[in-house]
Every structure is written in C-alpha cells, then in structure tokens.
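I have placed the structure first, in the form of structure tokens, so that the comments after it can refer back to it.
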2 protein chains.
Amino acid sequence: MGEPEPEAEAGGPQRVRRRRATAGGGAVMADVARRAGVSGQTVSRVLNDHPRVRPETRERVRAAMRELGYRPTASARTLASGRSRTLGVISFDAARFGPAATLAGINEAAQEAGYLVSTIALTAADQAAVRGAVDRLLGQGADGIIAIAPQRSVGEALVEADHGRPMVTLDKSFGARFPVVAGDSTSGARQATEHLLRLGHRTVRHIAGPVGWIAAEARVDGWRAALKDAGAEAYEPLFGDWSADSGHDLGRRLAHDPDATAVFVSNDQMAVGVLRALHEAGRRVPEDVSVIGYDDIPEAAHLLPPLTTVRTDFTEIGRRCLSLMLDQLERTPEPGVRVTIPTELVLRKSCGHLLRGSARQAQG
Amino acid sequence: MGEPEPEAEAGGPQRVRRRRATAGGGAVMADVARRAGVSGQTVSRVLNDHPRVRPETRERVRAAMRELGYRPTASARTLASGRSRTLGVISFDAARFGPAATLAGINEAAQEAGYLVSTIALTAADQAAVRGAVDRLLGQGADGIIAIAPQRSVGEALVEADHGRPMVTLDKSFGARFPVVAGDSTSGARQATEHLLRLGHRTVRHIAGPVGWIAAEARVDGWRAALKDAGAEAYEPLFGDWSADSGHDLGRRLAHDPDATAVFVSNDQMAVGVLRALHEAGRRVPEDVSVIGYDDIPEAAHLLPPLTTVRTDFTEIGRRCLSLMLDQLERTPEPGVRVTIPTELVLRKSCGHLLRGSARQAQG
DNA sequence: GGTCCGCATGTTAGCGGTAACACTCCCCCT
DNA sequence: AGGGGGAGTGTTACCGCTAACATGCGGACC
C-alpha cells in the first residue's frame, strides 16, 4: 500500500523529516512548482498577481494549486517579505455595545481589504498592560495597530509604547502623532443640551461617564458650553461608570430634586437606569422630567418611554479607522489626520416642554 | 557618527541588505547571542524556558535581551516550529451582547494562556464564507479554531471545511466530532416556562429566535417540553430575529390577544420590544401579562418593570471554549466532549400570579 | 585511572516563502 | 545584420528561528 519513502533506505541514519508548518500537511510551493513544471518563483509571482507571467503559465499554476489544495503559509511570507497583512487591535471593554460595534466595523472593513485582525482585549488601562499588548501585536508581525483608547491613561501609555509601525487611535489625540477617529462627542452633547434648553428647561443636569474617559469628558465640555452660551446654571455633573446600575444610583439622587427637570445622560445604558429611578420615584418622563441619552443603542427606541438620544455610527467609526490605517499602509499617509464622525440627535418620546414651572407635551 | 558598515567596501556590487522582518528594525536573535557571548541556540533555549541552561547564562542572555529591546519574531518561530500560539475565532453577529461577551471571555482567557486571537466576523452564514474564514485562519497559522456557530448552516459548513487542526465550536454539536460548549438553553427555557405555569397561567406563549439558530430551537424545545409535561396547550411560537424591533412587532400581535397572559421571550432584546408593545396596548406587566426574557443583559434589571430572565454566563462560555481548546492543543484531548453551562432563572418583577382569570401580585 | 554518562552549549540544516539579480528568447530598430 | 531591450522565467541568497545532532567537560563508578 504505502508509497516507498524517497531515499528511505539510503545510507546511514537519515535525518528525520521535520514537521511541516503548513496546516494539515498540505502542499507547499515547491510541490505546486513541480506539478506545474515551473520554478517556485513563478508560483510566487502567480500568488502575488505579478503582471509578468504569461496567462497560460498562470493558468497552469493556478490549476496545480487547486489540484493540490495549496494554501500559502503566512508565516513564511511574513518572514520573507516583512508584511503580514494582519492588523492588531487593542480594545477595552469589548462587551459593551459601543466598543463591540466599533470592533465589528473594523473587522468587517479589514476583511474586505484582505487583512486579518488580531485582537487584544485589555481590562486594565495601566501602562504595562498597554505596552505588553503593543509588544505582542508587533511581535506577531502586525503591519499596524488600531488602538481603541477611550481613556486618557491609555492614550498616554500608547505614546510611551511607541514603535515604528503605523497606528490609528480611537477617541484620543496625541498632538497629531497618529491619525485619530472619534465620534463628535462635544457637538453631540451640545445638540442634546440645546434641545433641552429650547424646550424651556431652566438648566440641564448631566450624568457623565467616568473621569478620565475622553468621550465622557468631551460630552461634559459640550454640555457645559451649551449651558454657558445660554447663561444657564451648570450643576456639577454626577459621574457614573457607563452601566445601567450606576445610572440607576445616580438617577435616584436626581429624582429627589424637584428642580431637576431635564437630564442629559452620557450613554444609553445609564439612561436606562435613570428612567427606572425616575419611574420608581413617581416622576413621569417626559411630563415631569426630560431625559436624553447617548449612542442610540438598538433598544433605545423601545424603552419606556422611547429614548431621545444622540446617535453615533459605531460601524462607520470602525470603518474609518481601517481606511486611515490603509492610507498609512498602502498610500501616502497624511500625518495627524483627525476624522470626526458626525452625530445626530434622534428625537423620540423622552423629552417634553417645560411650561411655567411644570413640564408638559412630549416633543421628542 | 555612523558606524562603518561591515564589509561596506568589499569588492564589487554588494547585495542590498534586505529589510528586516522585525518591527522597528529591532535586534534579532543573533544580536542577542553576540552580546551575551553565546550561540543563537542558547538564546532560543532561554526564550523557550528550556531547563538545560545554567542560571548564570540564562541571566546573561536575559540581560542582553533587555538591553537590546529584543522581541522575538513570531513568523520565524512559527515557520520553524509549526506552532503560532495564535487561535482563530469565527464569530457571527459580533455586535450583539451575547456573542460580544463570549468573545471577550475567549480573548481574556487566551491572553492569560499566552495565546493571541485572530477574529473573523462573518455576516453571511453560507458555506463559502465559512470555508473562506477557516482557510484564512489556517493559512495565517492558527493553531486551532474556535467557531461560534449559532446557526445550523454554519455548523454544517464547518464540518465541510474540515481540516487537521483542533477545533471547538459553540452551540452546535456535530456527532461528537469537535468539543462543544453551549449554554443550557433547553433547561433554561424549561425553567422559565415552568415558573410561569406554576404562577397559574394556563399556558405560556413563546416569542422565539429565528429558525435555524441552535439556541433558539433548543429554547423552543424546552418550552414545548414544559408545556407538554403540564398538559398545557402549545400555541405556535412567533419567530423574531433577536432584535428589539422584532420583539415589538411580535409583541403587538400578542398584546391584542386577551388570552395571552404569559410570554417567554427567547432573548432580552426582544423582550424589551415586547414590554413596550404591551405597554402601548395598555396591558400592564406583570398585572395583566407576565414576561420572561433570556440572557440577563446588564440592563435587564433596570427595565420597566425589571425583567425576570434566564441568566447565561457568556464570559464563562468563552473561557470554557478556550480551556477545551488548550486541552486539545497541549494535553490529551478527550474527543467529543460537550460542556453545558448551566443557566439560572433570575426572578425580578415582570411575572405575576394568575388568579381566577385575572393576573395579580408580582412574584418575580 | 579509564570509561561512561549527563549537563551545558555549539553546529548544521532546514521551515516556506520572497527580493534581487541573471538569463533566455524574440522582436524591433537602425 | 547586429545590437538594444523588454517580457517571461530561473537562480541564489537570504528572512529569523528551532529541531536534531554533535561536542566538550567534569564527576561518579568500578
């Protein structure tokens, strides 16, 4: 049955054939070359769509590849060429909607561009962890790194862990060192606040994201700016941790303050908690209190009441990250680009007019 | 200033030094070896924690690595050893909470085990896409593949795309071909249904996930089994697409049927839509209708009313996937293991007793 | 006191590709 | 007719690392 091993009985203790690095012991380039009657280099050229190959030869090589089920070995290509067609992504809080959706956008776009994505999900934002992640990704041969750096500390660690390869970051700018993509949090917060003010509320309270988070702070800024422009009083924001639990806790504090008639919440999850706290305290939304969230998670339209919120297109953010990365990788990079993804206020039913001290009439 | 290029002026047109494959032009093993005064092989041994190295030598090599900022080149290691310490993950619907949380669990556990994770997020469940993903992952040198295969068709495609490397799948079993991890959907659905029956409801309606999804069908089975055991009538389930939007649509249909006093919904997102539909139709939860969801998303506790639901520990699912993978990779694999992650009914406020034809008294 | 053995380390030959260069043809121009 | 040049292909030398084998050395053993 078994084929005779080539040179199986030649003199002396033969070196053991080393395990192949290919998956499933498949064919390698030399096998394809032999079968197609060409050199390895020609196979390589076919593989890389090099123009200088006669169509007929190309077809012969392709056929040989198909027949042998040939699959190029990425590590060998990477080693020889210095390019891996792999991108590294560092993410935080990957289970939350925003980051997860952004990640999905990056993945999708990467796939279309023929890149593979290696992800490292970090929990701690300390410098050592970030640096370690960058090291592992680069060691793995990543052609570039996309870092979701939602916290200031992460951004700083990233600058620390500097390296030669292209990089794109999300949310945090470092003096035009790397291109940055971000949702326009300041403007989104401003829109939300102005909408509430326009409805007649004397001022707008704010439940913010945690200190140190870029987006959270940008939203605080936008909110504060809108209040200032309108000459409205700015209460100190309450800081949550993005979770519905924290929204609920903080919402209870606001619920007991009869002066609080309008709340801008820094994300929809916390808004869910706020809505519940208000409901439990017997304050109706939007009749007594108006609430605006942020992000427009898919469930926002179905909350009770449907939540007015600021929509962020996370998928688009992810796609833009990727296109910026490709610019750096394959075209002439513009240094220090900053892409801002516009936001849109989505009017639903959680806001109402404030008329002579009492709130009425839903308006979105 | 510049060091003299070694052999820079030796005879004739020198070959151009090829670009290094290392990131940032860093040091390579030979540099470390030279600096430590040992051979490359010894450096390699230190790198791989080989025991046969004198502690003193080991320390010298480590110091040299540190001083040069040496970082091993993964592609070279992979090429030479056949192992990449990279795992491939194929996921679907990566922006939804369940898959995203599972992915996060996998990532976290992989990191602890020293593996890197490459993710391919698929949108279409067709065979070609799945096969392509497997090919790319293997070509990239993945040591094994974890496939989140929530749909029957994906599972079948996976069997089709068979290959030599270890594999772990999520949700779908293929006659004990690969180890499988899954939440215990059937039992979770049964618990939920039985709880509602125990509260006195004559029967329980079901809003199911889409046809073809393993978990959705398992929940239908569990629900049906519980009804059968109790001798309760089984209405045809309504099939949604997991989204709150579809839950809202389907919920409207139920809301107009006064006989519908208890609903088991196949995930929490759809339940959000159902809650809204019920509210809009003027049917109170839990007084008129009891609702149970599935998954226990972090917001479930803050819905109005707080949602009774079946908790699934997605992070644990992810971790178990990884440990099963490691078993195959590094230990003696048990073939065809099936790990089932238990579920737990979390009682909150969306269910109530049905007394003499009218519902009352919240009980979780 | 020589042999055997095991530890610590070095040497050699790849892993599977790609870059640079060399080499044929064959056509076109002068 | 001879030379230049480009298209198509082959040759060679690596990329950075590891497996297998080889070597040197000191101590235990008889």
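Listing for the model above:
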{"item": "Computed helical MRE - 222 nm, the protein assembly as shown, DSSP H runs ≥ 4 contributing -39500 (n - 2.57), nearest 500", "result": "-13000 deg cm²/dmol"}
{"item": "Carbon/sulfur fraction of accessible area - chain A, other protein chains in place, 1.4 Å, %", "result": "48"}
{"item": "Solvent accessible area, Å² - A:F314, 1.4 Å probe, full protein context", "result": "30"}
{"item": "Cβ-Cβ FRET estimate between B:K228 and B:R66, R0 fixed at 56 Å, reported to 0.05", "result": "0.25"}
{"item": "Chain A, relative contact order in percent, only Cα pairs under 8 angstrom and at least six apart counted", "result": "15"}
{"item": "Label point 7 Å beyond Cα along the C-beta direction, distances from A:D31 to other copies (nm, shortest first)", "result": "3.7"}
{"item": "Accessible area per residue, Å², the protein assembly as shown with all protein chains present, probe 1.4 Å", "result": "45"}
{"item": "Degrees, to the nearest 10: B:268-280 long Cα axis against longest axis of chain B", "result": "30"}
{"item": "Exam field: A:V339 pseudo-label spacings to other copies (7 Å along Cα-Cβ), nanometres", "result": "3.8"}
{"item": "Note, ³J(HN,Hα) from phi for the stretch A:189-205, Karplus 6.51, -1.76, 1.60, rounded to Hz, x at Gly and Pro", "result": "5, 5, 4, 4, 5, 4, 4, 5, 5, 4, 6, x, 5, 5, 8, 10, 7"}
{"item": "Where GluC sites (Glu not before Pro) fall in DSSP loop in the stretch B:224-325, at most 11 other Cβ within 10 Å", "result": "B:E233"}
{"item": "List of the stretch B:283-328 residues, accessible area with partners at least 30 Å² below that of the chain alone (1.4 Å probe)", "result": "B:E299, B:H302, B:L304"}
{"item": "Nearest-10 value in Å² for the accessible area of B:L254, using the 1.4 Å probe", "result": "10"}
{"item": "Rounded tilt (10° steps) of B:314-330 against the dominant C-alpha axis of chain B", "result": "40"}
{"item": "Unit charges on C-beta of K, R, D, E only; dipole of the stretch A:138-295, Debye", "result": "240"}
{"item": "Neighbour net charge for B:R60 - beta-carbon separation under 10 angstrom, K R +1, D E -1", "result": "+2"}
{"item": "Percent antiparallel among DSSP beta bridges (both partners in the protein assembly as shown, rounded to 5)", "result": "20"}
{"item": "Whichever aspartates and glutamates have a C-alpha closer than 18 Å to that of A:K228, once near sequence neighbours (fewer than 8 apart) are set aside", "result": "A:E194, A:E217, A:E236"}
{"item": "Where A:L250, B:L79 fall by accessible area, highest first, once all protein chains stay in place (1.4 Å)", "result": "B:L79, A:L250"}
{"item": "Paramagnetic label zone (point 7 Å from Cα along Cα-to-C-beta, A:L47; backbone N under 18 Å) in the stretch B:83-110", "result": "B:83-84"}
{"item": "Where trypsin sites (Lys or Arg not before Pro) fall in DSSP loop in the stretch B:87-163, at most 16 other Cβ within 10 Å", "result": "none"}
{"item": "Signed unit charges on C-beta, dipole axis of chain B, positive-most listed residue B:S44, B:A281, B:S84", "result": "B:S44"}
{"item": "DSSP bridge orientation in chain B - percent antiparallel, rounded to nearest 5", "result": "20"}
{"item": "Interface size B-A, as summed buried accessible area [1.4 Å probe, Å², nearest 100]", "result": "5000"}
{"item": "Threshold 50 Å², the stretch A:132-171 residues less accessible with all protein chains present than alone (1.4 Å probe)", "result": "A:R136, A:G139, A:Q140, A:R165"}
{"item": "Average Cα contact separation per residue, the stretch A:23-80, under 8 Å, 6 or more apart, as relative contact order %", "result": "44"}
{"item": "Solvent-free Debye scattering, log10 I(q)/I(0), computed from the Cα coordinates of the protein assembly as shown at q = 0.06, 0.08, 0.09, 0.11 Å⁻¹", "result": "-0.43, -0.74, -0.90, -1.21"}
{"item": "Lys, Arg +1 and Asp, Glu -1 on Cβ, resulting dipole of the protein assembly as shown about Cα centre, debye, nearest 20", "result": "1540"}
{"item": "Cα gyration tensor, the stretch A:23-80 - rounded (a/c under 1.5), prolate or oblate", "result": "oblate"}
{"item": "List of the stretch A:62-96 residues, accessible area with partners at least 40 Å² below that of the chain alone (1.4 Å probe)", "result": "A:R71, A:A74, A:S75, A:L79, A:A95"}
{"item": "Cα-based helix-to-principal-axis angle, B:214-230 vs chain B, degrees rounded to 10", "result": "30"}
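The values are calculated or read from the model by the stated rules, or taken from the named source; none is laboratory data. Computed from a predicted model, the values in this text were never measured in an experiment. Every residue, glycine among them, receives a Cβ derived from its backbone with ideal geometry; neighbour counts consider all protein chains shown. For accessibility, only protein heavy atoms count, side chains too; no ligands or nucleic acids. Shrake-Rupley method; radii C 1.70, N 1.55, O 1.52, S 1.80 Å.
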